[in-house]
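The values are calculated or read from the model by the stated rules, or taken from the named source; none is laboratory data. On a predicted model such as this, the values are computed, not experimentally measured, just so you know. No Cβ is skipped: glycine too gets one built from the backbone with ideal geometry, and neighbour counts run over all protein chains shown.
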Amino acid sequence: MKTAIWGAGALGTVLGAYLSKNNIDIDLISRNKLHIQALKLNGAKITGTVEMTVPVKAFLPEEVAGKYDIVFLMTKQTENTATVKSILPFLNADGIICTMQNGIPEISVAEIIGEKRTFGCAIEWGATLKDPGDSELTSNPDSISFSTGSFSKVADKNKLLEIKRILELMGPVNIEENFMGARWAKLIVNSSFSGMSAVTGLTFGEAAKNRNSRICIQKIIKECIDVAHAAGIKVEPIQGKDICKLLDYKNKFKQKFVYMILPMAIRKHKLLKASMLQDLEKGRKCEIDSINGIVSEYGRKKNIPTPYNDMVIKIIHEIEEGKYTPELKNLQLFRDLK
């Protein structure tokens, strides 16, 4: 099987290092010229909770030749249509794309290559690109896991098993029959912790520790769960934890309990810095509309208010426009929300 990681940034570099170390023939592809140059010269340097340097095969998109059986898609969704169309010439006739992007990207991918060739994977760990060729793994190694599934009910199960076989070289892989439910579980984490990380400039652990940002995280989680229930989505457990059972509440006692346990719930990922925040710090547009924006969109369709998700979207777009910067004082903008 010839495979590629298309969009080998922070996460893709870590995944590529693990797979290359375990003798998977995989190409790491990125438009970041300095990053690709460093990977070619020095290999993938992984720091943080794991330390290793692994020789990898790295290419700019214009250097890609041949065709792939599996492409792990890890680019930003802001240009998904153009990106997927550019990959098509490099896919075998029965080649597939397994999107590892945040949100619910399978819909846009399937519109171009078809449902049967579209697979998805929720990544349950984090990384930060420190320097060209150097990616910091910010999650504990024992918390690394994946949830994968097919977009079509009639998809080739052998392809799904091959995805599982490859990714298990890095960490446990769950094949989800209810893949939308698994996606929504990751969406809850991204909307709340990544959203507040981008708003405040904090890591997940710092955002959970701060009293005011923790309140916002809790409110965002509650909105996500309420919207999922209204949409008939059964949220799957993430890393063995039933998010809805653990973090939903219908009375003041449970609300206070959830508030207390949030720092413990995210402790294995406390060093994680949202990829959206990393984009904002580099002056780039981020994926807010594909993360919190999905929750707000579903909420509007189901008449479920999502004021905290809406405010996160508003603040981050205004950060992109230069009106704000990611910092704690942005929390003042949530004061009048109920």
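From the list Ile225, Ile238, which residue is modelled with pLDDT of 95 or more and touching an Asp or Glu at 6+ places or on another chain (Cβ under 7 Å)? Just one listed residue meets the conditions, Ile225. Here Asp279 fulfils each of the conditions (1) surrounded by 15 or more Cβ atoms within 10 Å (Cβ to Cβ); (2) modelled with pLDDT under 95; (3) assigned to a loop (DSSP other than H, G, I, E, B) apart from (3).
Restricting to region 47-83, what's the tally of residues that are of a type in the set (D, E, K, R) and in a helix (DSSP H, G or I)?
The number of residues fulfilling the criteria is 3.
Can you pull out every residue in region 16-69 that is within 20 Å of the chain's Cα centre (by Cα) and either more than 17 Å from Leu167 (Cβ to Cβ) or not aliphatic (A, V, I, L, M) (or both)? Scanning region 16-69 gives Gly16, Tyr18, Ile29, Ser30, Arg31, Asn32, Thr47, Gly48, Thr49. Against the conditions (1) modelled with pLDDT of 95 or more; (2) polar (S, T, N, Q); (3) surrounded by fewer than 18 Cβ atoms within 10 Å (Cβ to Cβ); (4) not in a strand (DSSP E or B), Thr13 satisfies every one except (3).
Here Lys245 does not fit the description of being over 30 Å from Asn80 (Cβ atoms), part of a loop (DSSP other than H, G, I, E, B) and over 18 Å from the mean Cα position of the chain (by Cα). For region 28-46, filtering for residues that are outside any strand (DSSP E or B), among the hydrophobic types (A, V, I, L, M, F, W, C) and either buried (at least 21 other Cβ atoms within 10 Å of the Cβ) or without any contact (Cβ under 8 Å) to a residue 12 or more places away in the chain (or both) leaves 2. Can you confirm whether Ser213 is among the hydroxyl-bearing types (Ser, Thr, Tyr) and under 19 Å from Pro105 (Cα atoms)? Considered against the rule, which asks whether it is among the hydroxyl-bearing types (Ser, Thr, Tyr) and under 19 Å from Pro105 (Cα atoms), Ser213 comes out as no.
Out of everything in region 30-48 that is among the hydrophobic types (A, V, I, L, M, F, W, C) and touching a helix residue (DSSP H, G or I) at 6+ places or on another chain (Cβ under 6 Å), what residue ends up being nearest to Phe72 (Cα to Cα)?
Checked region 30-48; the qualifying residue nearest to Phe72 (Cα to Cα) is Ala44.
Listed residues Lys164, Lys116; which is over 13 Å from the mean Cα position of the chain (by Cα) and more than 21 Å from Gln77 (Cα to Cα)? Within the list Lys164, Lys116, the selection yields Lys164.
Within region 300-338, track down each residue that is of a type in the set (Ser, Thr, Tyr), assigned to a loop (DSSP other than H, G, I, E, B) and under 18 Å from Val227 (Cβ atoms). Outline the logic, then answer.
If we filter region 300-338 for residues that are of a type in the set (Ser, Thr, Tyr), which is where we start, we get 306, 308, 324-325.
Remaining after also requiring assigned to a loop (DSSP other than H, G, I, E, B): 306, 324-325.
Scanning region 300-338 gives a single hit, Thr306.
The residues on offer are Ser108, Ser145, Ser139, Ser135, and the sole one that is within 30 Å of Gly181 (Cβ to Cβ), small (Gly, Ala, Ser), at pLDDT 95 or above and under 18 Å from the mean Cα position of the chain (by Cα) is Ser135. Residues being without any contact (Cβ under 8 Å) to a residue 60 or more places away in the chain and either touching a Pro at 6+ places or on another chain (Cβ under 9 Å) or in the same structural domain as Leu167 (by TED's automatic domain parsing) (or both) are represented in region 9-16 by at least one member.
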